[in-house]
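The values are calculated or read from the model by the stated rules, or taken from the named source; none is laboratory data. Owing to the predicted nature of the structure, the values given are computational and were not obtained by experimental measurement. Counting neighbours? That spans all protein chains shown, and the Cβs are built from the backbone with ideal geometry, glycine included.
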Amino acid sequence: MDLFREVLSKDVQFFDSRKTGDIMSRLQTDVQKIQSALSDQLSTLIKNSLYCIITMGILFWVSWEMTLFTIAIMIPLMCFTPIYGGCIQKIQKQISDKTAKQTEITEESFSNIRTIKAFASEDVQTVMFSTRNDDVFNIQKRISNWYGFFGGFVGTFAWGSVTLLIYFASYLIESPNSKMTIGTFTSFQFFMFSFLLNFVGIASVLGSVLEVFGNAAALAEIFMYEPIIKIKGGEEVTPSSMEDGRITLQNIEFTYPTKSSIQVIKNIAITVEKNKTVAWSARPAAANLP
């Protein structure tokens with residue numbers, strides 16, 4: 001509702017610079033993805049994260065040496081995760097933009113179907129839609145490759161660390177000054193497997209949650225747009241001004257949105273008296289001819 005109100009509060013220039021399909025895509029596709037991520041994936045991410053934190057505390061209690069060794073192994077993964085998150089956000093922003101352009105073609109084709117039929121341009125519109133669809137598909141392949149690479153990297157890294165833990169545990173057991181026993185290592189492995197299962201679960205939903213930031217960036221452009229002509233603000237309307245009924249417009253300037261370099265109206269002032277209707281039209285170019 002807030003987004004819909006924000007869109008309606010924009011000036012005409014906002015709608016001139018954006019097609020209806022683009023705005024519809026923001027209101028429908030982006031909002032739906034954010035709702036899905038926040039309702040499903042986010043709860044799973046929070047649950048698994050809390051379980052990992054609790055399990056990490058138990059691991060410190062069982063064996064602080066092996067826990068520190070585990071954290072040292074996971075440092076490369078922790079360094080790679082922010083890079084992965086940044087790439088996912090950028091790609092999702094591109095997907096959102098390309099999907100909006102695809103929606104533009106769909107909305108314009110259906111709303112102008114009589115014109116398309118009149119000029120027999122069905123094939124032209126189909127080619128345009130196919131091009132937009134291929135753009136979305138190609139970017140979706142990129143984000144799928146990132147998902148697969150990150151999931152495989154996390155799985156290989158997580159379960160491969162078990163082999164290193166076994167080697168390090170054997171070293172501690174053989175060390176005369178260490179309190180590590182086979183029973184302690186067995187307990188540590190049990191909690192470690194629980195930690196890894198939840199950690200892999202975090203990796204599986206992390207991409208979907210990070211996509212929210214890409215969709216949110218697309219929606220933020222709407223909220224950050226400052227209309228030139230505001231529908232709120234200005235001087236307060238008083239009873240005396242309502243009785244007077246006079247409207248004065250000063251310093252009026254106008255340029256067409258597609259030709260902003262050509263100024264059509266410059267520094268014009270108009271005063272409309274109460275209960276009067278004023279029509280303002282430009283002088284035809286033919287009237288200047290001899």
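Determine whether region 250-267 contains at least one residue that is in contact with a strand residue (DSSP E or B) (Cβ under 6 Å, 6 or more places away or on another chain), basic (Lys, Arg) and modelled with pLDDT of 75 or more.
yes
Taking region 142-179 as the region of interest, how many residues are among the polar types (S, T, N, Q) and either surrounded by 15 or more Cβ atoms within 10 Å (Cβ to Cβ) or in a helix (DSSP H, G or I) (or both)?
Residues flagged as among the polar types (S, T, N, Q) and either surrounded by 15 or more Cβ atoms within 10 Å (Cβ to Cβ) or in a helix (DSSP H, G or I) (or both) within region 142-179 amount to 6.
Across region 180-192, what is the total count of residues that are surrounded by 14 or more Cβ atoms within 10 Å (Cβ to Cβ) and either small (Gly, Ala, Ser) or part of a helix (DSSP H, G or I) (or both)?
Looking only at that region, the number is 7.
Please determine whether any residue of region 111-129 is among the basic types (Lys, Arg) and within 22 Å of the chain's Cα centre (by Cα).
Within region 111-129, none of the residues are among the basic types (Lys, Arg) and within 22 Å of the chain's Cα centre (by Cα).
If GLU221 meets every condition in (1) over 30 Å from TYR84 (Cα atoms); (2) at pLDDT 70 or above; (3) among the charged types (D, E, K, R) apart from one, which number is that one?
Against the list (1) over 30 Å from TYR84 (Cα atoms); (2) at pLDDT 70 or above; (3) among the charged types (D, E, K, R), GLU221 comes up short only on (1).
Do any residues in region 51-65 that are assigned by TED's automatic domain parsing to the domain that holds ILE202 have Cβ atoms under 9 Å from those of residues that are outside any helix (DSSP H, G or I) and surrounded by fewer than 18 Cβ atoms within 10 Å (Cβ to Cβ), where the two are at least six apart or on different chains, and which pairs are they?
SER63/LYS179; GLU65/SER178
Among residues belonging to region 70-85 that are of a type in the set (A, V, I, L, M, F, W, C) and either in contact with a Leu (Cβ under 7 Å, 6 or more places away or on another chain) or free of Cβ contacts under 8 Å to residues at least 60 places away in the same chain (or both), point out the one that is nearest to THR156 (Cα to Cα).
ILE73
Confirm whether SER96 is in contact (Cβ under 8 Å) with a residue 60 or more places away in the chain, of a type outside the set (Lys, Arg), assigned to a helix (DSSP H, G or I) and farther than 30 Å from THR181 by Cβ.
In short, yes.
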